[in-house]
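The values are calculated or read from the model by the stated rules, or taken from the named source; none is laboratory data. Being a predicted model, the structure only gives us computed values, none of them experimental. Positions of Cβ are generated from backbone atoms using ideal geometry, with glycine treated the same way; all protein chains shown enter the neighbour counts. Surface areas here come from the heavy atoms of the whole protein model, side chains and all, with no ligands, DNA or RNA. Shrake-Rupley method; radii C 1.70, N 1.55, O 1.52, S 1.80 Å.
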Amino acid sequence: MTKWVYNFGGGTAEGDTSMKNLLGGKGANLAEMASIGLPVPPGFTLTADVCTTYYENGEVYPDGMDAQIVDGLAHIEKLTGKTFGDAHNPLLVSVRSGARASMPGMMDTVLNLGLNDETVEGLAKLSGDRRFALDSYRRFITMYSDVVLGVHHHAYEDVLEMHKDTQGYMLDTEMTAEDWGTVIEEFKAITKRALGRDFPQDAREQLQGAVDAVFGSWMNDRAVVYRRLNDIPAAWGTAVNVQAMVFGNMGETSATGVAFTRDPSTGANEYYGEFLINAQGEDVVAGIRTPQTLTKHARIEMGETAPSMEEAMPEVYGQLAETFVKLEGHYRDMQDIEFTVEQGKLWMLQTRTGKRTARAALKIAVDMAEAGQITKDEALMRVDPLSLDQLLHPTLNPDAPRDIIAMGLPASPGAAIGEVVFSSDEAETLSKAGHKVILVRIETSPEDIHGMHAAEAIVTARGGMTSHAAVVARGMGTPCVSGAGQIRIDYAAGEFSVAGRTVKKGDIVTVDGATGQVFAGAVDMVQPELSGDFAKVMDWADEARTLGIRTNAETPLDVQTAIDFGAEGIGLCRTEHMFFEADRLANFREMILAEDKAGRESALAKILPVQQEDFAAIFRIMGGLPCTVRLLDPPLHEFLPHTEKDIESVAKEIGVPAGELMRRARELEESNPMLGHRGCRLGISYPEIYEMQARAIFEAQKSVNTEKGSAPVVEIMIPLVSSAKELEILKARIDAIAEDVGALDYIIGTMIELPRAALRAGDIAEHAEFFSFGTNDLTQTTFGLSRDDAGRFLPDYVAAGIVEKDPFVSLDIDGVGDLIQIAAERGKAVKSGIKMGICGEHGGDPASIKFCHDTGLNYVSCSPYRVPIARLAAAQAAITGNLKS
Ligand code: PEP
Ligand code: MG
């Protein structure tokens, strides 16, 4: 019989942390905490296999599950001494989702389940607090009706607000037991009116409804969107946890809170968290009441007056701090925790590896490695290479003038400039149209995910550091200021006001998520400095990796940026980008229009000195590092004007009749320019172009050598080769120019970017000193998929599961990867020492970098801002490789 239900509690558990796939993250960690002796309310987990089976069978539960739930309930009853549905001593439970990967706020939860008109009286007697019992019941009715019965919670909140108004109350805590009693009757009436039947009173029926709803929420729209954005397969399913309730709302000695064992924003080794006295967990996450800090230190730092937990509940705080140490020691990583204090007793409700900003990830990894808690290799594996991107971008220039308009919590670091929008739909629409937007909301909820993704930064008026906005923004690496309490947002008018000023939709603001400040207008930014923990992790990565890291760059600025980020050479300098510059375009056009070789040569002679200076500028920066310079690649017609107006103005500029220009542009036009007269095919047709380029390169190398005493070894690269013969012909011509110039050290190699080149790599290697895999074209030609047009339908392919990811972003290892492997083997068989690298966009993608490492390439080349990412990804590839061998 399949086991569908796993119990935990009372110092033991049937599961453990290694069973995350089956029990979900929450279930696995509850089991683990229970078995290491932490105080966990007893419960059971319905496995993720239940969810998968349920959907596979057309929403029917597997056989045997019901009986196992009955046993699970008996287990909780035994440990708590309470009985589910019993009028005198009722057991109440929570029902929570918990998938393998954390999906914060995306799925449903029901608390206080088991309450009805009778058990609420039992709870009142047992607790000696009727008000508490009724408060719990009204929460249950609202939540259950909303989540399970589909009656929107606003209906209940309106009734509550009206009741408070009539009584002259400001806060829920002013409500008396009698008040709650009245409100509950009205709540039940709302449910009955909406559904035509009474609110369910039977505890088993309630439980079944909640379990259905939580499994059902795996397929709700926001969960589906979240999975798509985070690459979580639908087939994983969610587990469901049913657990005895403990109450943070049982008076002034009760509380509920969330905490991190280190600061998730900065990584500082300080406890970090928030709690609310006399409240349930949902109150903290929903941002309805502003929570108090956990530690005295944080309270003082934030200028708060309400006492911290350390001050208000010193004894329980002490236990909590001990638990933090125990949990970090056990999991060897920063933990994100939920806890409840019920009448002075601490209960742990959740622990998981805490999400953190890139900055915090670096600091925590370095601190833990230096303290000997983890190894350097583990530290390197703890940092997501792509997250480094967050640190490579500009921050506010400290000297720039600024006009602060609002202040909130520094919920997610980074700075951004954009126009204010007030709705997530609008944020999405405007961002698709190319605008940079700042999403301003009273608070965010899971329905805002698409807008939060589209926004450059997020500002909320309500909510703490663990509010939805803060948690989700940190996960996305988007700057966020939460709880900017002074701003008053008027959604209808499309504006917010603060201290007598009004900011309207479309106005530009600057957000600094590191300080929690919002400024009017655009504040000047500065480039980041990669020092401290960042530099340390990069050094460790360099020690661990075996792959070389080069860059794709052709302007001195880009080259310098890449060198500053640690590039060890240029892997691709696309020379065609140099021809597009205005001052050489006219000469280049003259060259294309020339009727004969002599005309072309005279135009090229004008371009030569300019090209030479371009190369010299780069070689000066590169010192002794290798530079791969690729000869001209794109089709000639790209250089000619196309619209009538452009043709006329260009004709005037270069002094030829407009008709002539138009005729030539038409002549050169191709049906499939991507497969046309480009790359080495141009070199074959017009030898003088590549000859001019080779001359410019060799001359530049010589002049820089004279000037500085050293110059890079140049690696001349021929694009779009499909046969050995092409390379043989072009190489001979370049060698002849080298001879003529008296060139310094150089080698000649080729791009492998066509399937035929990959297959014939053996013959090609006879004439090449190196191969550089051009995986942009190789992906295009292997799939027969146009690079320029595939974006229109590839999302359908990803959605249908035909390809896992866009193959232009992450290498198609099965197909394109196979060709690379074949080429590498065949090339090496002919020339064992042949150097190999990759220079397609994939050179900056961690999964593709791992493939390059495993295939034994010598280097990857990527755009400048990807260099640090590639350094770390290459280190991770080496570490995982070592672990396997
Ligand atoms: C490639 O095809 O992968 C490549 C690097 O060249 P380009 O993108 O310039 O065609
Ligand atoms: Mg290419």
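Please state, as a whole number in µm²/s, the translational diffusion coefficient that the Stokes-Einstein equation yields for the chain at 4 °C and 1.567 mPa s, with Rh defined as the Kirkwood radius across alpha carbon pairs.
Numbers: Rh = 31.0 Å.
For the chosen part, D equals 42 µm²/s.
Scale the Cα Rg of segment 677-815 by the rule-of-thumb value 2.2 N^0.38 Å and send over the ratio, two decimals.
With N residues counted in segment 677-815, Rg over 2.2 N^0.38 Å equals 1.28.
Enter the accessible area per residue of segment 5-244 (Å², integer; probe 1.4 Å; all protein chains in place). Mind showing how you got there, number by number?
Details: 9710 Å² over 240 residues.
Using a 1.4 Å probe on heavy atoms only, each residue of segment 5-244 averages 40 Å².
Among the listed pairs K432/K505; K536/K805; K731/K831; K828/K884; K597/K645; K82/K345, which have their C-alpha atoms separated by more than 22 angstrom in this model? All intermediate terms of the calculation are to be shown ahead of the outcome.
On the way: K432/K505 17 Å; K536/K805 32 Å; K731/K831 17 Å; K828/K884 24 Å; K597/K645 29 Å; K82/K345 18 Å.
Violating the 22 Å limit, Cα to Cα: K536/K805; K828/K884; K597/K645.
Roughly how far apart, in whole Å, are the Cα centres of segment 8-67 and segment 562-621?
64
With a 1.4 Å probe and all protein chains left in place, how much accessible area per residue does segment 581-663 have, in Å²? Each step should come with its number before you reach the end.
Numbers: 3700 Å² over 83 residues.
About 45 Å² of surface per residue is accessible.
Looking at segment 110-238, what % of the alpha carbon pairs are farther apart than 23 Å?
41
Taking the Cβ-Cβ separation of K606 and E447 as r and a Förster radius of 56 Å, what is the calculated FRET efficiency to the nearest 0.05? List each step's numbers first, then the result.
Values: r = 61 Å, r/R0 = 1.08.
Computed FRET efficiency for K606 and E447: 0.40.
How compact is segment 577-719 by the rule of thumb for globular proteins, expressed as Cα Rg over 2.2 N^0.38 Å?
1.13
At R0 = 45 Å, how high is the FRET efficiency between T546 and A400 if r is their beta carbon distance? Nearest 0.05 is fine.
About 0.60, to the nearest 0.05.
Step through the residues of segment 547-559 one at a time and calculate ³J(HN,Hα) from phi using the Karplus curve (6.51 cos²θ - 1.76 cosθ + 1.60, θ = phi - 60°), rounding each to whole Hz and writing x for Gly and Pro.
6, x, 10, 10, 10, 9, 7, 9, 9, x, 5, 5, 4
Which residue, P446, A470, G434, has the largest displacement toward the positive end of the dipole of segment 393-526 when charges sit on each Cβ (Lys, Arg +1; Asp, Glu -1)?
Value: A470.
Expressed as a whole percentage, what fraction of the accessible surface of the chain belongs to carbon and sulfur atoms when a 1.4 Å probe is rolled over the protein heavy atoms?
About 51 percent, which is the carbon plus sulfur part of the accessible surface.
Would you calculate, for the chain, the mean residue ellipticity at 222 nm contributed by helices, counting each DSSP H stretch of 4 or more residues as -39,500 (n - 2.57) and dividing by all residues, to the nearest 500? All intermediate terms of the calculation are to be shown ahead of the outcome.
Working: 35 runs with 400 residues, N = 885.
That calculation yields -14000 deg cm²/dmol at 222 nm.
Give me the percent of DSSP beta bridges within the chain that run antiparallel, rounded to the nearest 5. Present the calculation step by step, with values, prior to reporting the outcome.
On the way: 66 of 104 bridges.
For the chain, the DSSP antiparallel bridge percentage is about 65.
Once the principal axes of the Cα atoms of segment 393-526 are found, what is the range along each, listed largest first in whole angstroms?
Cα spread of segment 393-526 along its principal axes, largest to smallest: 38, 32, 31 Å.
Can you tell me the Rg and Dmax of segment 489-537, counting just the alpha carbons, in angstroms?
Expressed in Å, the Cα Rg and Dmax of segment 489-537 come to 16.3, 50.
Kindly identify segment 229-294 as rounded, prolate or oblate by the Cα gyration tensor criterion: order the square roots of the eigenvalues as a ≥ b ≥ c, call it rounded if a/c is under 1.5, otherwise compare a/b with b/c, prolate if a/b is larger, else oblate.
Judged from the Cα gyration tensor, segment 229-294 comes out oblate (a/c at least 1.5, b/c at or above a/b).
Which whole-Hz couplings ³J(HN,Hα) result when phi for each residue of segment 23-38 is put into the Karplus expression 6.51 cos²θ - 1.76 cosθ + 1.60, θ = phi - 60°, listed in order with x for Gly and Pro?
Coupling constants for segment 23-38: 9, x, x, 5, x, 5, 6, 4, 4, 4, 4, 4, 7, 8, x, 7 Hz.
So with the 1.4 Å probe, I'd like the accessible area per residue for segment 393-526, rounded to whole Å².
39
Which order do Y169, Y746, Y797, Y859 take when ranked by solvent-accessible area (1.4 Å probe, heavy atoms of all protein chains), largest first?
Per-residue accessible area, sorted high to low, gives Y797, Y746, Y169, Y859.
For A99, which sequence-distant residues (separation of 5 or more, or a different chain) have an amide H within less than 5 Å of its own amide H, given hydrogens modelled in the peptide plane?
Under 5 Å from the amide H of A99: G25, K26, A239.
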